[in-house]
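Peer 1: One structure, pasted below without further comment.
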């Protein structure tokens, strides 16, 4: 009787993989296979180009940029300007003078005369100068205050310099029209008569503004911030205040109608006539008669104008009233010392 042979079921020869009928191999269609092959080719070709670009950008970032040299700007407006000014001054100093007591008010620029385009025959017949001609424009005034426009021609050459071509011209300027009001300097503000209640506030501001004491001026302005200072005029002996009758304010509309209530803030114009302290040891000058208007004009912004205690909170030159802001004259982070304290030190 034959013995039963033992079989190792785990031996490799006895193992068999049972097929899984539910699992199917993944196969791409011909179309997607072409797409995959194309992508691989493009990636293979573009990768070296990408590396070159990376190195190029990195290299440009580390390059030393050469400093830009500032261009030299000629500060002289024209080569003939000085000659033109000297010519006009010499001309007005002549005896007798063409402009009695004349002086230059302004140099108003110049024009370069364009050279005409000539035909060949015209160029042979007409001699052409080897220089440019600048026409300089001036405004001059005589002792009576009458203004004139004056032009002077100057020849300019790189080789020979500049030279005036004759004497200047003289044409009177039409005088300004009379009878029209020039008091409205505040665009965008509605006109109003200056309230009587603001006059003490304006006088108090003028006194503090000419006191030479920054602390006194800050108190009058009523600025609660102790870190801000205000710069007053110093060396003033006396001041007189002239407040105009006109004022301006930002109009307020209620239900589409202009409010008739007294505005909370107004802008006024004030003139200060100042007498300065004489220098130490010098006699006070004596003036015989008066000529001209020596007053100084300011626009003031006044808050609380509808109360019995209005306050001047900002000031500026004439015509600046509509742009003034509360405490706009404050100086930050700087301690100002009164003029009297400086003298004691």
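Peer 1: Would it be correct to say that residue 177 is modelled with pLDDT under 90 and either more than 30 Å from residue 267 (Cβ to Cβ) or part of a strand (DSSP E or B) (or both)? If you could, list the steps in order and put the result at the bottom.
Peer 2: Working: modelled with pLDDT under 90: yes; either more than 30 Å from residue 267 (Cβ to Cβ) or part of a strand (DSSP E or B) (or both): no.
So residue 177 does not fit the description; no.
Peer 1: Confirm whether residue 141 is over 26 Å from residue 272 (Cα atoms), outside the structural domain of residue 250 (by TED's automatic domain parsing) and within 32 Å of the chain's Cα centre (by Cα). Before you say what the answer is, go through the steps one by one.
Peer 2: On the way: over 26 Å from residue 272 (Cα atoms): yes; outside the structural domain of residue 250 (by TED's automatic domain parsing): yes; within 32 Å of the chain's Cα centre (by Cα): yes.
Criteria met by residue 141.
Peer 1: Is it fair to say residue 306 is modelled with pLDDT of 90 or more and touching a helix residue (DSSP H, G or I) at 6+ places or on another chain (Cβ under 6 Å)? It would help to see each step written out before you state the result.
Peer 2: Working: modelled with pLDDT of 90 or more: yes; touching a helix residue (DSSP H, G or I) at 6+ places or on another chain (Cβ under 6 Å): no.
Spelling it out, it is not the case that residue 306 is modelled with pLDDT of 90 or more and touching a helix residue (DSSP H, G or I) at 6+ places or on another chain (Cβ under 6 Å).
Peer 1: Continuing with this model, one more query. Kindly evaluate residue 94 against the criterion of being outside any helix (DSSP H, G or I), closer than 24 Å to residue 162 by Cα and either at pLDDT 55 or above or in the same structural domain as residue 156 (by TED's automatic domain parsing) (or both). Outline the logic, then answer.
Peer 2: On the way: outside any helix (DSSP H, G or I): yes; closer than 24 Å to residue 162 by Cα: yes; either at pLDDT 55 or above or in the same structural domain as residue 156 (by TED's automatic domain parsing) (or both): yes.
Taking the combined requirement at face value, the residue satisfies it.
Peer 1: Could you grab me the full set of residues in segment 191-203 that are in contact with a strand residue (DSSP E or B) (Cβ under 8 Å, 6 or more places away or on another chain), assigned to a helix (DSSP H, G or I) and in contact (Cβ under 8 Å) with a residue 40 or more places away in the chain?
Peer 2: Within segment 191-203, the first condition is being in contact with a strand residue (DSSP E or B) (Cβ under 8 Å, 6 or more places away or on another chain), and the residues that meet it are 191-195, 198-199, 201-203.
Next cut, assigned to a helix (DSSP H, G or I) only: 198-199, 201-203.
Residues satisfying the conditions are 198, 199, 201, 202.
Peer 1: Now for a separate question. So residue 62 passes all but one of these: (1) exposed (fewer than 11 other Cβ atoms within 10 Å of the Cβ); (2) at pLDDT 75 or above. Which condition number does it fail?
Peer 2: Result: residue 62 passes all but (2).
Peer 1: Still on this model: Does residue 133 satisfy the criteria of being in a strand (DSSP E or B), at pLDDT 95 or above, in the same structural domain as residue 106 (by TED's automatic domain parsing) and surrounded by 14 or more Cβ atoms within 10 Å (Cβ to Cβ)? Don't jump to the end; show me each part of the working.
Peer 2: Working: in a strand (DSSP E or B): yes; at pLDDT 95 or above: no; in the same structural domain as residue 106 (by TED's automatic domain parsing): yes; surrounded by 14 or more Cβ atoms within 10 Å (Cβ to Cβ): yes.
No.
Peer 1: Given the conditions (1) assigned to a loop (DSSP other than H, G, I, E, B); (2) at pLDDT 90 or above; (3) under 32 Å from the mean Cα position of the chain (by Cα), which single one is not true for residue 167?
Peer 2: (3)
Results for (1) in the same structural domain as residue 306 (by TED's automatic domain parsing); (2) surrounded by 13 or more Cβ atoms within 10 Å (Cβ to Cβ), shown as yes or no for each residue.
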position: 178; (1), (2): no, no
position: 225; (1), (2): yes, no
position: 243; (1), (2): yes, yes
position: 259; (1), (2): yes, no
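Peer 1: Every residue in segment 103-122 that is more than 40 Å from the chain's Cα centre (by Cα) and either closer than 15 Å to residue 154 by Cβ or surrounded by 12 or more Cβ atoms within 10 Å (Cβ to Cβ) (or both), please.
Peer 2: The answer is 118, and nothing else.
Peer 1: Go through (1) farther than 16 Å from residue 80 by Cα; (2) free of Cβ contacts under 8 Å to residues at least 24 places away in the same chain; (3) touching a strand residue (DSSP E or B) at 6+ places or on another chain (Cβ under 8 Å) one by one and return the number of the condition residue 142 breaks.
Peer 2: Every condition holds for residue 142 apart from (2).
Peer 1: Right, next: Residue check, residue 334 against (1) at pLDDT 80 or above; (2) under 27 Å from the mean Cα position of the chain (by Cα); (3) outside any strand (DSSP E or B), all met but one. Which one?
Peer 2: The one condition residue 334 does not meet is (1).
The values are calculated or read from the model by the stated rules, or taken from the named source; none is laboratory data. Being a predicted model, the structure only gives us computed values, none of them experimental. Every residue, glycine among them, receives a Cβ derived from its backbone with ideal geometry; neighbour counts consider all protein chains shown.
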